[in-house]
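For reference, the structure is listed below as structure tokens.
The values are calculated or read from the model by the stated rules, or taken from the named source; none is laboratory data. The model shown is predicted, which means the values in this text are computed figures rather than measured ones. Backbone-built Cβ (ideal geometry, glycine too); neighbour counts: all protein chains shown. Quick note on the areas: whole protein, heavy atoms, side chains included, nothing else; ligands and nucleic acids left out. Shrake-Rupley method; radii C 1.70, N 1.55, O 1.52, S 1.80 Å.
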Amino acid sequence: MSQPNLVSLAVQDGVGVITVNNPPVNALSAGVPEGIAACLATAVADPAVQAIVLIGAGRSFIAGADIREFDKGRVTMPIGDGFIDKLDASPKPVIAAIHGYALGGGLETALGCNYRIALRSAKLGLPEVLIGLLPGAGGTQRLPRLIGPKAALDLITTGRHVPADEAKSLGIVDEVVDTDLLSAAIAFAQRVAALRPLPQISANSSKLTAEPGLFEATRKAIARKARNQKAPYNCIAAVEAACTLPFAQGLAREGELFRELETSDESRALRYVFFAEREAAHVPGIPANTKAPVIQSAAVVGAGTMGGGIAMCFADAAIPVKILEANQEALDRGMARIRANYETSVKRGSLAQDEMERRFARITPVLDYADLATADVAIEAIFEEMAPKQAVFRQLDAVMKPGALLLSNTSALNIDEIASVTKRPDVVAGAHFFSPANVMKLLEVVKGAATSAATMNTVMAMGRAIGKLSVGCGNCDGFLANRSRAPFGMEMVILLEEGALPHQIDKVMVEFGYPMGPVAVGDLAGLDIGWAARKRRAAADPNYRKQPIADRLCELGRFGQKTGAGWYRYEKGDRTPHPDPEVTAIIEQVSAEMGITRREISDEEILHRLLFASINEACKILEEGIAYRASDVDVMWLHGFGFPRYRGGLMFWADQIGVKSVYEQIQRWHQLYGARWAPSALLRQLAERGAAFKDAKAG
Ligand code: 3H9
């Protein structure tokens, strides 16, 4: 049914202008395709119309199908009762006028038109694979006909957004303009109004010859990244069908392949993640009209690995940043490390030399706190100890201008204790970057008891401005990210003591979808840091659970990759972890000393014990109101800990197993192992109510 408020038609100088108006991104929600079809029919029937322009109102052309409608079963094939085929068959030329985004079903709509004209700032792409789908509105059939199968495969299997200029050189758009898209599109339409035959992508198969072995080579190239996933392979199969079948049959094959994906766990998970990431931006309790002043200058205290990485984040976002160290030598070392990091990017080809120089020049090394005074934000990034951090905050409080934000990059320490040494605890918050800070996308924004809503809002926005995914949470030991991850780490230690070996644990987790096993990650990060932290904790807490295997490795100088040995053995100049009989002997010896009879542990037990331990803890964090929603836990695990995205995150994955099953298993382990498995009250309540984790909200 046509909804005139979503799509409208106006006639201007002999050109019918169809405008889609479905904010915020003109998704093809119910009513939009039907509206386009209805306006098209009217324009075709109108003798005053010689050509037709299809354009989006507001900030975008069309960003694709409405992703929310998949779960409501409203996206049916062919989408919108075949409205794209109707555009394709129009007897009058149709010109897609693209600004903002033409993505997924949006680009597919444009490919159904005869011509495409774009604003230079526009982005085009078929990102369906990123939500576990394939372009199911003809995109896998039309794009290869327009630009050849090789270039089409690249776009369809990566889902990348192509800037208008590149789209022009690929042949996706006919003309790129700098301003006044609508006037340019109308002028274009008038120019082509009388030209016949109409260029029709569906009718052109001249570009369809694929070089031999292309599809097999593409399957091989994506194999590692696409592990455990179906969508990338169905994308390739659909493009292959375009090259071997007539258009109509190719479309039918695309439909079959699309339907296989639509209801898959993979696509459901990825669609959930799409919205979870956007939901994370909203911190509860911030009034809608709260302002977020733009951060225009920054200061970082500490030029170590983290401080340097954080300074790079600001420099990369064109924000000048000062970096402070206690002495010249440490400052020089820090600046040299930053330079070396940038140089690595230049060598790899991901950064141009002149751009690197511009970024590096935005970082000013200083030794005096007074030099930081005018910055909009100061981020402390020194080592994890309370007293020195408090000393930094006293200094910052003394010099920073009124209104400046004072943030700590602590990954676990109490924000309130840090804030307590300042006279302005309302502007103090946690800004926990993940290592390497210039690469990892996650920013955990921690609200202390006194942190104001305005401060939270500004820090969340600052994160987004420097390209991070900001996720808010409350204050507790380890905050949301590290506290929820800690039981995973502890369970890993215990599994090793009970009978598992490092390579078995890593194999299970890599097969599950992690890019690297957790034990090998330890070797990469360096085992000495954890060793030092354990010694400090053991000295402070007589009940601290020791980790004798890890301690023994460190006593032998096995600090991981950097010493050629850790949990694994490494060959010189090679990062491949090799299982080491010496480590097995140490593990077996520690088990014997602990009086443990080692046993065979199944892969499933390893997976479930590692992840269920963290699910239980995450429920406790939610119950305490530290985490705002279960989906925030998921976003943190995806972006902080390498959890496989196509599994949706820790809590979404747990829902696939079922709250009740998880609860019952945790109860059994509670009986067997005692206190560390005590089930969270929220978990019990959810199990009793038959509710899902993903809907759990802060208690
Ligand atoms: C498809 O097309 C299938 C077809 O092949 C065939 C089917 C048969 N649907 O990201 P933002 C919302 S699959 C519903 O913050 P930005 C978004 O949730 C689709 N909602 O803005 C947010 O809502 P809220 C293929 C959508 O400027 C608001 O719009 N297309 C959709 O940073 C603003 O979004 C894609 O996968 C949607 N399609 O980025 C494109 N898109 O304000 C998906 C956005 O309530 N979209 N919303 O949180 C994007 O990649 C980005 O949103 C975009 C804008 C780049 C467009």
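What the Cα convex hull of the chain gives, in volume per residue, is 179 Å³. Going by the alpha-carbon gyration tensor, a ≥ b ≥ c the square roots of its eigenvalues, is segment 7-94 rounded (a/c under 1.5) or, if a/c is not under 1.5, prolate (a/b greater than b/c) versus oblate? Oblate, since a/c reaches 1.5 and b/c is not below a/b.
As an exercise, identify the chymotrypsin sites (Phe, Trp or Tyr not before Pro) in segment 531-564 lying in DSSP coil whose Cβ has no more than 15 other Cβ atoms within 10 Å. Write down the numbers at each step before the final one.
Working: sites: Trp531, Tyr544, Phe559; in loops: Tyr544, Phe559.
Listed in order of number, the matching sites are Tyr544.
Per-residue ellipticity at 222 nm, computed for the chain from helices alone with -39500 (n - 2.57) per DSSP H run of at least four residues, works out to -15000 deg cm²/dmol.
Working from label points 7 Å from Cα in the Cα-to-Cβ sense, the Thr576 to Ala223 distance is 1.5 nm.
When exposed loop sites are taken as GluC sites (Glu not before Pro) in a DSSP loop with at most 13 other Cβ atoms within 10 Å, the longest stretch of the chain clear of them is 1-384. Between Glu624 and Ala288, the contour length at 0.36 nm per residue exceeds the alpha carbon distance by 118.5 nm.
Within the straight-line cut-off of under 20 Å between alpha carbons, the aspartates and glutamates reachable from Lys389 are Glu325, Asp368, Asp371, Asp376, Glu380, Asp397, Asp416, Glu417, Asp426, Glu444, Asp477, sequence neighbours fewer than 8 places apart in one chain being disregarded.
Segment 397-443: Rg/Rh from Cα coordinates, Kirkwood Rh? Before the final figure, lay out the partial values.
Details: Rg = 12.0 Å, Rh = 11.7 Å.
That ratio is 1.03, to two decimals.
Based on Cα contacts under 8 Å between residues 6+ apart, the chain shows a relative contact order of 8 percent.
Of all DSSP beta bridges located in segment 65-221, what percent are antiparallel, nearest 5? Antiparallel bridges make up about 15 percent of those DSSP assigns within segment 65-221.
Hey, which of these cross-link pairs are over 19 Å Cα-Cα: Lys150/Lys207; Lys123/Lys168; Lys225/Lys468; Lys401/Lys423; Lys322/Lys441; Lys230/Lys660? Numbers along the way, then the final one.
On the way: Lys150/Lys207 10 Å; Lys123/Lys168 11 Å; Lys225/Lys468 22 Å; Lys401/Lys423 13 Å; Lys322/Lys441 22 Å; Lys230/Lys660 28 Å.
Going by Cα-Cα distance, Lys225/Lys468; Lys322/Lys441; Lys230/Lys660 fall outside the 19 Å limit.
May I ask you to list the trypsin sites (Lys or Arg not before Pro) in segment 163-224 that are in a DSSP loop and have at most 12 other Cβ atoms within 10 Å of their Cβ?
Taking segment 163-224 and a limit of 12 other Cβ atoms within 10 Å, the loop trypsin sites (Lys or Arg not before Pro) found are Arg224.
Label-to-label distance, Met516 versus Lys660, with points set 7 angstrom from Cα along the beta-carbon direction: 4.1 nm. Per residue, the solvent-accessible area of segment 74-128 (1.4 Å probe, heavy atoms of protein chains only, all protein chains present) comes to 26 Å². Which residues in segment 106-143 have a backbone N closer than 12 Å to a point placed 7 Å from the Cα of Asp180 along the Cα-to-Cβ line? Correct set: none at all.
In sequence order, segment 239-252 has phi-based couplings of 5, 4, 4, 4, 7, 10, 10, x, 3, 4, 5, x, 4, 5 Hz under the Karplus curve 6.51 cos²θ - 1.76 cosθ + 1.60, θ = phi - 60°, and Gly or Pro positions carry x. With N counted as the residues of segment 368-477, its alpha-carbon radius of gyration over 2.2 N^0.38 Å works out to 0.96. Partner lysines whose Cα lies under 18 Å from the Cα of Lys535, excluding those fewer than 8 positions away in the same chain, are identified as Lys546.
Between the beta carbons of Asp416 and Ala486, assuming R0 = 22 Å, the FRET efficiency works out to 0.60 to the nearest 0.05. Please report the antiparallel percentage of DSSP beta bridges with both residues in the chain, rounded to the nearest 5. Looking only at bridges with both residues in the chain, the antiparallel portion is about 25 percent.
Looking at segment 329-480, what % of its DSSP beta bridges pair antiparallel, to the nearest 5? Could you put the intermediate results ahead of the total?
Details: 4 of 17 bridges.
Antiparallel bridges: around 25 percent, rounded to the nearest 5.
With R₀ set to 56 Å, the beta-carbon distance separating Asp528 from Gln249 gives a calculated FRET efficiency near 0.35.
Between Gln12 and Ser169, the modelled labels are 3.1 nm apart [label points 7 Å from Cα along Cα→Cβ].
Around the amide H of Ser408, modelled in the peptide plane, lie the amide H atoms of Glu380, Ala429, Gly430, Ala431, all under 5 Å away and 5 or more residues distant in sequence or on another chain.
First measure r as the distance between the Cβ atoms of Ala193 and Ala57, then evaluate 1/(1 + (r/R0)^6) with R0 = 35 Å and state the FRET efficiency to the nearest 0.05.
Plugging the Cβ-Cβ distance into 1/(1 + (r/R0)^6) gives 0.90.
Can you work out the Karplus-derived ³J(HN,Hα) for every residue in segment 369-376? Use 6.51 cos²θ - 1.76 cosθ + 1.60 with θ = phi - 60°, whole Hz, and x for glycine or proline. Taking θ as phi minus 60°, the curve returns 4, 4, 5, 8, 3, 8, 5, 6 Hz for segment 369-376.
Sequentially through segment 99-114, phi angles give Karplus couplings (6.51, -1.76, 1.60; θ = phi - 60°) of 10, x, 10, 10, 10, x, x, x, 5, 4, 4, 5, 6, x, 7, 7 Hz, Gly and Pro residues having no value and appearing as x.
Under the 0.36 nm per residue contour assumption, what length would be gained going from the current alpha-carbon distance of Lys507 and Glu256 to full extension? If you can, show how the numbers build up before the last one.
Values: separation 251, 0.36 × 251 = 90.36 nm, distance 3.40 nm.
Residue separation times 0.36 nm, minus the Cα-Cα distance, leaves 87.0 nm.
Proximity of backbone amide H atoms, modeled 1.01 Å from N, is registered between Cys113 and no other residue at under 5 Å, excluding neighbours fewer than 5 places apart on the same chain.
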